[in-house]
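Reading through the structure tokens given below for one structure.
The values are calculated or read from the model by the stated rules, or taken from the named source; none is laboratory data. What you see is a predicted model; the values in this text were computed from it and never measured. Neighbour counts are summed over all protein chains in view; Cβ atoms, including those assigned to glycine, are modelled from backbone coordinates with ideal geometry.
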Amino acid sequence: MEEKLKELIAKYNDNLEKLSSQEIMTDQKKLTELNREQKRLQPIVVAAENYLKVLTDYENNKVIMRDKTQDPEFRELAEEENKELELEIPKLEEYLKILLIPQDPNDSKDCIFELRAGTGGDEAGIFCGDLFRMYSRWADIKGYEVEIISLNEAEKGGFKEIVFSLSGEEIYGKTKFESGVHRVQRVPETEASGRVHTSAATVAVLPEAEDVDVEIRDEDLRIDIFRSGGKGGQNVNKVETAVRMVHIPTGIVVSCQEERSQLKNRQKAMKVLRTRLYELELEKQVGDISSQRKSMVKSGDRSEKVRTYNFPQNRFTDHRLEGDAKNYPLKEIMDGNLDPVIENLQLAERTELLKQGNI
């Protein structure tokens, strides 16, 4: 481990020199990649330097302890210090093992959420709206920015579909576990007999692609401008500001009509299109390890039931977790207190990676 840590420290220092070079400053893609790598390496380097210093102190103390010419009191102090270091070294090693787990390069990116009502009719649309409020409250608590990109409201409340972006520190790394089928069990307001219904909504969380991640050629794009429909002010409904983008090679279609400005709708639509194309590329890259990913907590399979929201019992269950980490008070979760669940999912992911020897 020592050699690996020394290599990482050298790489970090080498990158610092590169960041000040004219070549990197004029290459936006390389500059972005290098800054992202430095951000990932920085906590490892701090912990590594501390660990290597502790090892050096430990070895120096052993030399003092063996030197019979040293003052007995000095040798005794060295022995006492080494007893403490012998307890500290294993803790530092375990911490470094966690830091050395290969990080998903997308963890530091912003993300795009796609919530869609599933089975359950009107109740599924209402639940979709509840999920959006839950994520919005969590974002507000954390100081993250929520921006609605597109929505399709349901007749009885909530949404048939809503797409929004989340911006914040390491946001995709925290939200990637949300992808999958979310199931709700409760008595709908329209249910006269008081019978519990089960409905569902699907959640997809995608790492937001940056300009340097995906290249979209003008000739591969068809853009249609049309008049917005649904609720909105006079400008929204009477002026052609809505945008529909079709990526001809893949057939991906993206629409946005939430903004009064055609330019803003175009920018939002491009953001989603770029992200979906980036997701396609990622799926190709991980295709050969898909069987491995299915066994991991971060699978993100949208057909997989990941959560149950049981309102009569005030119980929230994440089916990927075990023991005490599996269940939570539902009201607290719906109020946006998602951090305990997220932290346990991140811990489960790291534990699984350590078992597989991915360090």
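Any idea which of (1) touching a strand residue (DSSP E or B) at 6+ places or on another chain (Cβ under 9 Å); (2) assigned to a loop (DSSP other than H, G, I, E, B) is the one Gly129 doesn't satisfy? Just one mismatch for Gly129, condition (2). Within the span defined as the range 187-195, every residue fails to be part of a strand (DSSP E or B), at pLDDT 90 or above and either within 17 Å of Ala269 (Cα to Cα) or among the hydrophobic types (A, V, I, L, M, F, W, C) (or both). When Val239, Val286, Val254, Val243 are checked against the criterion of being over 26 Å from Asp104 (Cα atoms) and modelled with pLDDT under 75, Val239 stands alone in meeting it.
Can you confirm whether Ser199 is at pLDDT below 90, assigned by TED's automatic domain parsing to the domain that holds Glu281 and within 29 Å of Arg183 (Cα to Cα)? In short, no.
In the range 168-182, is there at least one residue being surrounded by fewer than 16 Cβ atoms within 10 Å (Cβ to Cβ) and either of a type in the set (Phe, Trp, Tyr) or at positive phi (or both)? Yes: the range 168-182 contains one or more residues that are surrounded by fewer than 16 Cβ atoms within 10 Å (Cβ to Cβ) and either of a type in the set (Phe, Trp, Tyr) or at positive phi (or both). Screening the range 1-77 for helices (runs of 4 or more DSSP H) wholly inside it with 1 or more residues that are loosely packed, with under 14 Cβ neighbours inside 10 Å and touching a residue at least 60 places away in the same chain (Cβ under 8 Å) returns the ranges 2-19, 28-66.
Residue by residue, here is whether (1) part of a helix (DSSP H, G or I); (2) under 15 Å from the mean Cα position of the chain (by Cα); (3) closer than 23 Å to Lys264 by Cβ holds:
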site: Phe113; (1), (2), (3): no, yes, yes
site: Thr119; (1), (2), (3): no, no, no
site: Gly125; (1), (2), (3): yes, no, no
site: Trp138; (1), (2), (3): yes, yes, no
site: Glu147; (1), (2), (3): no, no, yes
site: Leu151; (1), (2), (3): no, no, yes
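Taking the criterion of being within 12 Å of the chain's Cα centre (by Cα) and either part of a loop (DSSP other than H, G, I, E, B) or farther than 18 Å from Gly336 by Cβ (or both), the residues of the range 153-175 that qualify are Gly168, Glu169, Glu170, Tyr172, Gly173.
Beta carbons closer than 9 Å, at least 6 apart along the sequence or on distinct chains, pair a first residue in the range 164-191 that is closer than 30 Å to Gln103 by Cβ with a second that is of a type in the set (Lys, Arg) and assigned to a strand (DSSP E or B) for Glu178/Arg307; Gly180/Lys305; Gly180/Arg307; Val181/Lys305; Val181/Arg307; His182/Lys305; His182/Arg307. In the range 323-336, of all residues being in contact (Cβ under 8 Å) with a residue 24 or more places away in the chain and assigned to a loop (DSSP other than H, G, I, E, B), the one that is surrounded by the most Cβ atoms within 10 Å (Cβ to Cβ) corresponds to Gly336.
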